[in-house]
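Data block below; observations after.
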Amino acid sequence: MIEQTTTAEAQAKAPKRGIGTVIKEAILAGKTNEEALAAAKAEFPDAGTTASTVSWYRNQLRKEGNAEVPTARELKKKAADAAKAAADAQATAAQTAAPAADPLD
């Protein structure tokens, strides 16, 4: 009977997986605020979680000393740079694939 009580106590003391946990995991995985919000809404659809909530958790993680957590601004800039690089690569590939027509022909 002692084992049953111990198991029940262990289950009661186990931390619950809440919205904050979902958001923190998403942020630490490198997700943007929008992606972290979508993850929280997917797991807790009835919660009133907003983008401000995600921003608060991101800033809290940074204050706690998680220097590897980028700011939302840094993530947006990185995504924009990656999109620009991809577009430039695609444009370069299109130019080299088809030679320009000679205007004198």
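Using DSSP to define loop residues, name the trypsin sites (Lys or Arg not before Pro) in segment 17-105 whose beta-carbon has at most 16 other beta-carbon atoms within 10 Å. Here the trypsin sites (Lys or Arg not before Pro) that fit, given the DSSP loop and packing criteria, are Arg17. Per-residue 3J(HN,Hα) values for segment 57-67, derived from phi via the Karplus relation 6.51 cos²θ - 1.76 cosθ + 1.60 with θ = phi - 60°, read 5, 4, 5, 5, 4, 5, 5, 6, x, 7, 5 Hz in sequence order (x marks Gly and Pro).
Backbone phi angles across segment 16-24, fed through the Karplus curve with coefficients 6.51, -1.76 and 1.60 (θ = phi - 60°), yield HN-Hα couplings of 7, 8, x, 4, x, 5, 4, 5, 4 Hz in residue order; Gly and Pro are listed as x.
Too long at a 31 Å Cα-Cα cut-off: which of Lys13/Lys77; Lys24/Lys84; Lys13/Lys76; Lys13/Lys78? Over 31 Å apart, Cα to Cα: Lys13/Lys77; Lys13/Lys76; Lys13/Lys78. If neighbour count is taken as other Cβ atoms inside 10 Å, put Val54, Val69 in order from fewest to most. Taking fewest neighbouring Cβ atoms as first place, the list is Val69, Val54. Of the GluC sites (Glu not before Pro) found in segment 17-105, those that fall in a DSSP loop while having at most 10 other beta-carbon atoms within 10 Å are Glu64, Glu68. Taking only the C-alpha atoms of segment 14-95, Rg followed by Dmax gives 15.9, 59 Å. Of the residues Tyr57, Ala47, Ile23, the one whose Cα sits farthest towards the positive end of the charge dipole of segment 14-95 is Tyr57 (charges of +1 on Lys and Arg Cβ, -1 on Asp and Glu Cβ, taken about the Cα centre).
Basic side chains Lys and Arg get +1 at the Cβ, acidic Asp and Glu get -1 at the Cβ, and with that the dipole of segment 14-95 about its Cα centre reaches some 200 debye. Computed from backbone phi with θ = phi - 60° and the Karplus coefficients 6.51, -1.76 and 1.60, the 3J(HN,Hα) list for segment 34-42 is 5, 5, 5, 5, 5, 5, 5, 5, 5 Hz; x is used for glycine and proline.
Quick note: the coordinates plus some simple rules give every number you see, no bench work behind them. Since this is a predicted model, take the numbers as computed values, not measurements. Cβ sites come from the backbone with ideal geometry, for glycine too, and all protein chains shown count toward neighbours.
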